[in-house]
1. So in the chain, what percent of DSSP beta bridges are antiparallel if you round to the nearest 5?
2. I'd like the orientation of helix 151-167 relative to the chain: the angle between its Cα long axis and the longest Cα principal axis, in ° from 0 to 90, rounded to 10.
3. Set the Förster radius R0 to 22 Å, insert the Cβ-Cβ distance between residue 315 and residue 225 as r into 1/(1 + (r/R0)^6), and round the FRET efficiency to 0.05.
4. Per the Debye formula with a single identical scatterer at each Cα and no solvent contribution, what log10 I(q)/I(0) holds for the chain at q = 0.09, 0.11, 0.12, 0.14 Å⁻¹?
5. Calculate how steeply helix 126-140 sits against the longest principal axis of the alpha-carbon atoms of the chain, using the helix alpha-carbon long axis, and give the answer as 0 to 90 degrees to the nearest 10.
6. Arranged by the count of other C-beta atoms within 10 angstrom, fewest first, what order do 101, 305, 232 take?
7. With a ≥ b ≥ c taken as the square roots of the eigenvalues of the C-alpha gyration tensor of region 187-332, please select rounded if a/c is under 1.5 and otherwise prolate if a/b is larger than b/c or oblate if it is not?
8. Relative to the compact-globule scaling 2.2 N^0.38 Å, provide the ratio for the alpha-carbon radius of gyration of region 27-129.
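Laboratory data are not the source of any read-out in this text; all were calculated from the coordinates shown. What you are looking at is a predicted structure, and each value in this text was computed from that prediction instead of being measured. Don't worry about glycine lacking a Cβ; one is built from the backbone with ideal geometry, like all the others, and counts go over all protein chains shown.
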Amino acid sequence: MTHIDFTAILEARRAIAPYVLRTPAYRSAALSEVAGHDVMLKAEHRQTTGSFKLRGATNAILSLDPDARQRGVCAASTGNHGRALAHAARMTGARAVVCMSRLVPPNKVEAIEALGAEARIVGMSQDDAQCEVDALCAAEAMTDIPPFDHAAIIAGQGTLGIEIMEDLPRAEAVLVPLSGGGLIAGMARAIKTLNPSTRVIGISMERGAAMAAALSAGRPVDVEEVETLADSLGGGIGLSNRHTFAMVRDLVDEVVLLTEAEIAAGIAHAYRVEREILEGAGAVGIAALLCGKVRPRGPVALVLSGGNIDMASHLDILTGRHPACRMEHAHG
Ligand SMILES: *Cc1c(COP(=O)(O)O)cnc(C)c1O
């Protein structure tokens, strides 16, 4: 298990600069009132493709040698990583194939194709899609770019940590959505290098928080995958995790878990008060402040990590009709 160093993040920043937006950061008057300290929102949901995943995906493709880039990249994700990889491949002139099962809805297939990637539909599960990725890697020497446990991905996501410390150099804490840990590992490395006293706090949902379970067990463990409003935070960290588990264990100060109702309240606040459309994963920092599970001791920055929520669910949350609005705890 190895850490990614700050130099790799600096190099990533230079490499991806022409392809990604430097997203805005601004003070939230309402949340500063709630927290009793300045609260800065880093609007990464306004990144091209709607999430920070473009940073890592772009850096990973640029790290390949020209031959490998020509042969192409593939992934089994139809979520924010697949979308980012498709877009990054087109911008950098690489071929991209996104593998998905027959259960993936047609609008997602079209979205991937609209980004210029080839959609390959196989089997009936995510595992079948991953098998096709493995087959493409073997048969056509394509490169599988995983969503978080990969040095170039972590370095790319870490660029967000540099930007936040430029915008709020004396941050007491930075709140970061946490799933596989690519984002928080890269960001924590950058933040602790630039200001060792800034706390880095990971936020996950109670339902199926794989990294939190691994930290308690002292090693990666299997967790049951369940439906959550923070769908981009679902999934395991990999039993043979190479980088993110060790980096999160060594660099992250605290991990906070939220109920579905708390996440729903974060999404609703973002829309009603901040006038931002956030997906569940993107709203967990706001949610953690609103419910009081994180109490800042000074100025804080929150990463609004993504905005890709379908409009029907968003409307249900705003009107209180979504079942999550009534789910206080994971069990029961
Ligand atoms: C992927 C993702 C995360 C979590 O990132 P990890 O690197 O897996 O921890 C958080 N928010 C959004 C919107 C994402 O797409």
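1. On the way: 4 of 30 bridges.
So the antiparallel bridges amount to about 15 percent of the total.
2. With both axes taken from Cα atoms, the answer is about 30 degrees.
3. Details: r = 26 Å, r/R0 = 1.17.
Efficiency computed from Cβ-Cβ geometry: 0.30.
4. Each listed q maps to, in turn, -0.43, -0.65, -0.78, -1.09.
5. Relative to the chain, helix 126-140 is tipped by roughly 40 degrees.
6. Details: 101 18, 305 32, 232 22.
Fewest-to-most ranking of 101, 305, 232: 101, 232, 305.
7. Working: a/c = 2.01, a/b = 1.31, b/c = 1.54.
Oblate, since a/c reaches 1.5 and b/c is not below a/b.
8. On the way: Rg = 17.2 Å, N = 103, 2.2 N^0.38 = 12.8 Å.
Dividing the Cα radius of gyration by 2.2 N^0.38 Å gives 1.34.
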